[in-house]
Amino acid sequence: MTITITAFERSPHGGRRLARDTRIPWALEETGLPYEVRLVSFKAMKGPAHLALHPFGQIPTYEEGDLALFETGAIVFHIAEHDAGLLPKHANARAPAITWMFAALNTVEPPILDLVTARFFEADKPLGQGALAPG
Ligand SMILES: N[C@@H](CCC(=O)N[C@@H](CS)C(=O)NCC(=O)O)C(=O)O
């Protein structure tokens, strides 16, 4: 069954295929599953066809036959279930792997994203005057 994933066609910061979508081909390459990449524009991402795949109009998405997924964590979890090297079958090895998936998304990613935003996208603004500045 063909697996199709989506990625930015282009982003204001040159993020063609270099945004969070990189997690998905990485997992697919680890498992050896073949896949295709459909590049989407910002306009297409907010259109009805893409919104039917992703309720927030973002990338990445994952399609496999009738199955459509969004959220990198859920997609990587789904892919990892095909490969005991990524997600062990034994409960005591599986649970820590799942713990690290949650940690990566909930604990590791947010401060890295804050740092990237402050360092690269808001470097011209005084600290605290960026996107999250009050009022
Ligand atoms: N929590 C989501 C985040 C998805 C996300 O923020 N995607 C970004 C690219 S990394 C996006 O599509 N941004 C464009 C937009 O929000 O309009 C995930 O892990 O899949």
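The values are calculated or read from the model by the stated rules, or taken from the named source; none is laboratory data. Source: prediction; values computed, not measured. Ideal geometry is used to build each Cβ from the backbone, glycine not excepted, and the neighbour counts take in all protein chains shown.
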Selection within region 85-135 - at pLDDT 90 or above, assigned to a loop (DSSP other than H, G, I, E, B) and surrounded by 13 or more Cβ atoms within 10 Å (Cβ to Cβ):
Leu86, Leu87, Pro88
In region 1-34, residue nearest to the ligand (Cβ to nearest atom) [restricted to those that are in a loop (DSSP other than H, G, I, E, B) and modelled with pLDDT of 90 or more]
Leu33
What about Met45, is it aliphatic (A, V, I, L, M) and in the same structural domain as Ala123 (by TED's automatic domain parsing)?
no
Taking region 68-82 and the residues there that are assigned to a loop (DSSP other than H, G, I, E, B) and more than 14 Å from the chain's Cα centre (by Cα), the one that is farthest from the ligand (Cβ to nearest atom) would be His82
Answer with yes or no whether Gly65 is out of contact with any Cys (no Cβ under 6 Å at 6 or more places or on another chain), within 16 Å of Ala27 (Cβ to Cβ) and more than 10 Å from the ligand (Cβ to nearest atom).
no
In region 57-81, what count of residues is obtained for those that are touching a residue at least 24 places away in the same chain (Cβ under 8 Å) and surrounded by 15 or more Cβ atoms within 10 Å (Cβ to Cβ)?
13
For residues that are of a type outside the set (A, V, I, L, M) and either under 15 Å from the mean Cα position of the chain (by Cα) or farther than 23 Å from Ala19 by Cα (or both), tally how many sit in region 108-134.
7
Exactly one of Pro111, Pro88 is over 27 Å from Phe42 (Cα atoms) and more than 10 Å from the ligand (Cβ to nearest atom), and that one is Pro88
Looking at His54, His50, which is the one that is assigned to a helix (DSSP H, G or I), surrounded by 12 or more Cβ atoms within 10 Å (Cβ to Cβ) and within 11 Å of the ligand (Cβ to nearest atom)?
His50
